[in-house]
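The values are calculated or read from the model by the stated rules, or taken from the named source; none is laboratory data. The shown structure was predicted, so the numbers you read here are calculated from the model rather than taken from an experiment. Using ideal geometry, Cβ is built from the backbone for each residue, glycine included, and neighbour counts are taken over all protein chains shown.
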Amino acid sequence: MKPYIDLVRAVLETGTRKPNRTGVDTISTFNENYEIDLRQGFPLLTTKEISWKNIVVENLWFLSGETHLGLLKKHGCKFWDPWADESGNVPSAYGNFWRHFPVHDAEGRAAYNDQIRWVAEELKRNPMSRRLVVTAWAPGNAQKSKLPPCHLLFLFNVQMSEGGEPRLCLHLTQRSADVALGVPYNIAGYALLLELFSRFTGIPAGLFAHTLVDAHIYTAKADGTMAEYDHVPGLKRQLAREPRALPKLTIDSSIRSIDDLRPLLEADTETVMKHFVLTGYDPHPPIAFKVAV
């Protein structure tokens, strides 16, 4: 995971202090970019332990298009709780707009577009298309949301290897990137999406590319207050650790299309995880970071 380690170093070494809506200062840089070759292994961070179960469940939740936290709570995933309303709904949930993006039909009536299904089908019809885009940014929602989408747009692109073989690649644009807490989950989550779409289309997975517009690390204020939110010490501990070999992901052969994921929404945690087996994951111990809401 050299790209992630390099990102942490870049923000720590060149970032500038910025205030933000949370009240906790950040060290921030603009326009960080890197790419990861999934042929080298599955990019789950090894300098600290990351919950693979949470990544799988969260992305199944996204792909379901649901806004209610029920699926997450069923599997003990709590990280979306601070942004849910009293009914347990998250209107800005990524999957809501992935699967139900608000549009108008030819007669001007309100309708919805299933971007995930369209892209999966278009990849089979026209794999060389440059229009394989999925966006979570719906202005009517995002401009007033408690938490508008941070990783707001991704797109697939097929490139040819030196040997003339197609490779499915994914590029993610992220407007706001919490380097310590969010980015390791974002990398692994979208790598999982790339592997899934590779399975849906039969095109081997290639590169995951990532653009971070505002890459930031939460830090204590200059006067020493807000120290409980300071992510710098934990990240420096990670920099002192030797990265370990990346694990390998095996997706169950029963998953061949987006519709094959639906039965997993009703399954127990053990059954779900049997469909997404990670082997060789040997991370360093976890490091706790407090989230700035």
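Filter region 1-46 down to the residues that are touching a strand residue (DSSP E or B) at 6+ places or on another chain (Cβ under 7 Å) and of a type in the set (Gly, Ala, Ser), then identify the one that is surrounded by the fewest Cβ atoms within 10 Å (Cβ to Cβ).
Checked region 1-46; the qualifying residue surrounded by the fewest Cβ atoms within 10 Å (Cβ to Cβ) is Ala10.
Filter region 102-126 for residues that are touching a Phe, Trp or Tyr at 6+ places or on another chain (Cβ under 9 Å) and either small (Gly, Ala, Ser) or in contact (Cβ under 8 Å) with a residue 60 or more places away in the chain (or both) and give the result.
Once the filter is applied, which keeps residues that are touching a Phe, Trp or Tyr at 6+ places or on another chain (Cβ under 9 Å) and either small (Gly, Ala, Ser) or in contact (Cβ under 8 Å) with a residue 60 or more places away in the chain (or both), region 102-126 yields Ile116, Val119, Ala120, Leu123, Lys124.
Scanning for something within 30 Å of Gly164 (Cβ to Cβ) and touching a residue at least 60 places away in the same chain (Cβ under 8 Å), does region 258-266 turn up at least one residue?
yes
From the set of residues in region 90-133 that are polar (S, T, N, Q) and modelled with pLDDT of 90 or more, which is surrounded by the most Cβ atoms within 10 Å (Cβ to Cβ)?
Quick first cut of region 90-133, residues polar (S, T, N, Q) only: 92, 96, 113, 115, 126, 129.
Restricting the remaining residues to those that are modelled with pLDDT of 90 or more gives 96, 113, 115, 126, 129.
Working: Asn96: 23, Asn113: 14, Gln115: 18, Asn126: 12, Ser129: 15.
In this case the residue turns out to be Asn96.
Test Glu195 against the stated conditions and say whether it is among the acidic types (Asp, Glu), modelled with pLDDT of 95 or more and either touching a strand residue (DSSP E or B) at 6+ places or on another chain (Cβ under 7 Å) or not in a helix (DSSP H, G or I) (or both). Break it down into steps so the answer makes sense when it comes.
Working: among the acidic types (Asp, Glu): yes; modelled with pLDDT of 95 or more: yes; either touching a strand residue (DSSP E or B) at 6+ places or on another chain (Cβ under 7 Å) or not in a helix (DSSP H, G or I) (or both): yes.
So Glu195 fits the description; yes.
Can you tell me which residue among Leu265, Leu239, Leu246 is out of contact with any strand residue (DSSP E or B) (no Cβ under 9 Å at 6 or more places or on another chain) and over 23 Å from Leu45 (Cβ atoms)? Give the derivation first.
Details: Leu239 fails: over 23 Å from Leu45 (Cβ atoms); Leu246 fails: over 23 Å from Leu45 (Cβ atoms).
The match here is Leu265.
Can you name every residue in region 198-212 that is buried (at least 20 other Cβ atoms within 10 Å of the Cβ) and in a strand (DSSP E or B)?
Residues satisfying the conditions are Ala205, Gly206, Phe208, His210, Leu212.
Which of the residues belonging to region 245-255 are in a loop (DSSP other than H, G, I, E, B) and either surrounded by 15 or more Cβ atoms within 10 Å (Cβ to Cβ) or in contact with a Gly (Cβ under 9 Å, 6 or more places away or on another chain) (or both)? Spell out how you get there, then give the answer.
Going residue by residue through region 245-255, those that are in a loop (DSSP other than H, G, I, E, B) are 245-247, 252-255.
Within region 245-255, Ala245, Leu246, Pro247, Ile255 qualify.
When you go through (1) among the hydroxyl-bearing types (Ser, Thr, Tyr); (2) under 27 Å from Arg99 (Cα atoms); (3) touching a Leu at 6+ places or on another chain (Cβ under 7 Å) one by one for Tyr281, which number turns out not to apply?
Every condition holds for Tyr281 apart from (2).
What pairs can you find where one residue is in region 54-79 and touching a residue at least 24 places away in the same chain (Cβ under 8 Å), the other is surrounded by 22 or more Cβ atoms within 10 Å (Cβ to Cβ) and not in a helix (DSSP H, G or I), and their Cβ atoms are less than 6 Å apart, with a gap of 6+ or different chains?
Taking only residues 6 or more apart or on different chains, the pairs are Val56/Phe276; Thr67/Val90; Thr67/Ala93.
So is Ala180 buried (at least 20 other Cβ atoms within 10 Å of the Cβ), at pLDDT 95 or above, out of contact with any Ser or Thr (no Cβ under 6 Å at 6 or more places or on another chain) and in a loop (DSSP other than H, G, I, E, B) or not?
Criteria met by Ala180.
Go through region 264-292 residue by residue and tally those that are more than 30 Å from Glu242 (Cα to Cα) and exposed (fewer than 13 other Cβ atoms within 10 Å of the Cβ).
The qualifying residues number 4.
Could you grab me the full set of residues in region 40-82 that are among the β-branched types (Val, Ile, Thr) and either part of a helix (DSSP H, G or I) or closer than 23 Å to Arg237 by Cα (or both)?
In the first step, residues of region 40-82 are kept if they are among the β-branched types (Val, Ile, Thr); the result is 46-47, 50, 55-57, 67.
Passing the criteria: Thr46, Thr47, Ile50, Ile55, Val56, Val57.
Which numbered condition trips up Val158, out of (1) out of contact with any Pro (no Cβ under 6 Å at 6 or more places or on another chain); (2) surrounded by fewer than 22 Cβ atoms within 10 Å (Cβ to Cβ); (3) part of a strand (DSSP E or B)?
Here Val158 clears every test but (1).
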